[in-house]
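Read through the structure below, which is laid out as C-alpha cells, and then see the notes.
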Amino acid sequence: MNKNENLSFIGAFSVASVWFGAHVGGGFASGSQTMSFFIRYGKYAVLFSILSMVVVALTYRENMIMARHYGAYDYNSLGKALYKPYDKFMSPIYDICYISAGLLAVSASVAGAAELITQVVGVPYIISVFLIGALTLVLSVFGSELVSRASSVMSIVIVTSFLIICLKGITGNSAVLAENLQAPMEEGMFLKGLIKALSYAGFQCFAFLGLLGATSLTKTDKDCTNVTAIGFVLNAGMLALTVLLIQSFMPQVAGETLPILAASKVMGGGFLTVLYSIALFSAFLSTAVAVVYGNTMRFTRLFKERGIGKQDGKLMPILVGLVIIAISMAVASVGLTKIIAVGYSYFGYIGIFLVIIPSLTYCRMRNKKHAKEKLENN
C-alpha cells in the first residue's frame, strides 16, 4: 500500500485531539471524575487510570474501523452496524443509553458550573443550578456556534493552566505524594479498583460520538490504529497526571467537589487559579451546550419528520431544549459528586456489556474478516 494513502502524523494527531477534547471536559478537568473512580486505590490508582485508557483506546479503534467499513458516522448508524444482525433489538437500547449518558453528562456539567459559581460568588447552589440551566438553554438554542468557537480557545487555556497546576503541585508536594503511594492497601482493593477502572472506561465509551464524526477523515485501518495510539498517550498521560496531583494533596482535598481547584488554592491561588476557574467554567458550559444542542436538533428533526412542529420555527427547539434542561437540572440538584460517583459508575457498568465487550469480541472478529476479504479481493 502506498504510504501516502495514510493520514500524516499531524492529521492523525488532529483527529486524536477530538477524543482528547471530549475527554478533558469539566468533569475530568475539575478532578471530580478522578476522585470518584481512582484516588481511593492509592498506589494502584495511576495503573488503573492507564488501564482504563487502554480499554477505551482498543474499543475506540474497533468502533472507528467499523464506522469506516459501514460509513456509520452517527451513533444511530454505528449502533445498527455494531449489533448486526441483532440490531433491531440492540440498536434501540444502544440509542437510549447513548442519549441517557449524554443527559447525565449535561447534568454533571450544570452541577459542576453551579458549584464553581457557588464557591467563587457565594450564590446558593440551587440558585446557581437554575442560572446555569437557563444560560445553557439560551446558548443551546441561539449561541451554539459561538460556544463551539470559544470552547476551542478555552480548551487550550484549560490544558495549559491544568498542566502548570499539576507540575507545580506534584513537585511541590512530592513528600506527601510519596507517603500516600506507600500507604498499605486493604485486602481486595486491587480487584475493586480493576472493576472501577473498567466502569470508567465503560462510561467513556459513550463519549465516542465526537470522535465518530472525525473518523470520516481516516483513510485506512492503520489510520484508526495511529489515531487511537496518539489519543491513548494524550488521554492516559493527562489522567495519570490528575491522579498524581490529587494524591499529592490527600487527604486535604478529599471532601472537595472540585479537588483540582481546591489544590490550586492551597498552592496560593493567584492569577493561575483565576484563569483555571474561567477555563473550567467554560469547559462545563461548552459540554452542556454541545450535548443539549445535539439532542435538541435530533429530537426536533424526529418530530418534524412525523409532522409535529413544522411551522414552529424556533419554538420546537426551545420546547425540546427546555425539557432536556429541566431533566438535567433535576438531576444536577443532587450535586456533582453523586452524579459522577453513582450515575457515571452505573452507566459505566452498562457500557462494559453494551459497548466494550461486543466491540472487542464480535466487532473485532467482523473487522478482521472484512480486512481479510478486502485483501483477497485486491
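What follows draws every value from the coordinates through simple rules; no lab data is involved. Here the structure is a predicted model, which means the values were calculated and not measured. Note that each Cβ is placed from the backbone with ideal geometry, even for glycine, and that neighbours are counted across all protein chains shown.
Roughly how many Å is it from the Cα centre of region 185-237 to that of region 345-378, as a whole number?
The distance from the Cα centre of region 185-237 to that of region 345-378 comes to 14 Å.
Could you compute the longest span of the chain free of GluC sites (Glu not before Pro) located in DSSP loops and having at most 12 other Cβ atoms within 10 Å, not counting the site residues? Please report the intermediate quantities before stating the final value.
Working: sites that count: GLU186, GLU187.
It works out to 188-378.
Choose one of ALA12, GLY112, LEU336: the residue whose Cα lies farthest towards the positive end of the charge dipole of the chain (beta-carbon charges +1 Lys, Arg; -1 Asp, Glu; about the Cα centre).
ALA12
Of the residues VAL129, VAL266, VAL54, which exhibits the maximal mean-square fluctuation in a Gaussian network model of the chain defined by a 10 Å Cα contact cut-off?
VAL266
If you place +1 on the Cβ of every Lys and Arg and -1 on the Cβ of every Asp and Glu, how big does the dipole about the Cα centre of the chain come out, in debye to the nearest 20?
800
Let me check the size of region 10-366 from its C-alpha atoms; what are the radius of gyration and Dmax in Å?
20.0, 65
Could you give the nm distance between label points at TYR73 and ALA326, where each point is 7 Å from its Cα heading toward the beta carbon?
According to this spin-label approximation, the distance is 3.6 nm.
Run the numbers on region 10-366 and let me know its relative contact order in percent, using alpha-carbon pairs under 8 Å that are six or more apart. If you can, show how the numbers build up before the last one.
Working: 473 pairs, mean separation 144.2, N = 357.
40 percent.
Could you tell me which residue out of GLN247, SER286, ALA229 lies farthest along the dipole of region 10-366 toward its positive end? Charges go on the beta carbon: Lys and Arg +1, Asp and Glu -1, centred on the Cα centre.
My answer, from the dipole projection, is ALA229.
Just the Cα atoms of region 241-363, one point each, no solvent: what log10 I(q)/I(0) does Debye give at q = 0.10, 0.11 Å⁻¹?
-0.54, -0.64
Please say if region 22-125 is rounded, prolate or oblate, where rounded means a/c under 1.5 for a ≥ b ≥ c the square roots of the C-alpha gyration tensor eigenvalues, and otherwise the choice is prolate for a/b larger than b/c and oblate otherwise?
Oblate shape, in that a/c is at least 1.5 and b/c is the bigger or equal ratio.
I'd like the distance separating the alpha-carbon centroids of region 104-118 and region 241-267, in whole Å.
Cα centroid to Cα centroid, the span is 18 Å.
Based on the mean of other Cβ atoms within 10 Å per residue, sort peptides 9-20, 282-293, 202-213, 87-98 so the most packed one is first.
Ranked from most to least packed, the peptides come out as 282-293, 202-213, 9-20, 87-98.
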